[in-house]
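Bear in mind these aren't lab numbers, they're just calculated from the coordinates by the rules spelled out. On a predicted model such as this, the values are computed, not experimentally measured, just so you know.
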Amino acid sequence: MCQVSLDEAKTHLLNLIDAAVKGEEVFIKDDQWIVQIVSAGKIKRHPQFGSAKGLLTIADDFDAPLTDFEEYLS
């Protein structure tokens, strides 16, 4: 647990955020109030459709019957 004053928080905010992301409890205390910094988790990225265009190729015989399964096709 880490408890700092408002003045300390102003100068060490990035360090306090790093500590909160790592799971440490971080509190900023003033005369009238107390605040807790909490990690909200990782940002979920949305897929970018079409980003792999041109990177994948499909063989011409992709949908041709497989010779290993000929006995099942009858």
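Of all DSSP-defined beta bridges confined to the chain, some 50% are antiparallel rather than parallel. Residues whose amide H falls under 5 Å from that of C2, counting only those 5 or more places apart or on a different chain, are E25, V26, F27, with hydrogens built in the peptide plane.
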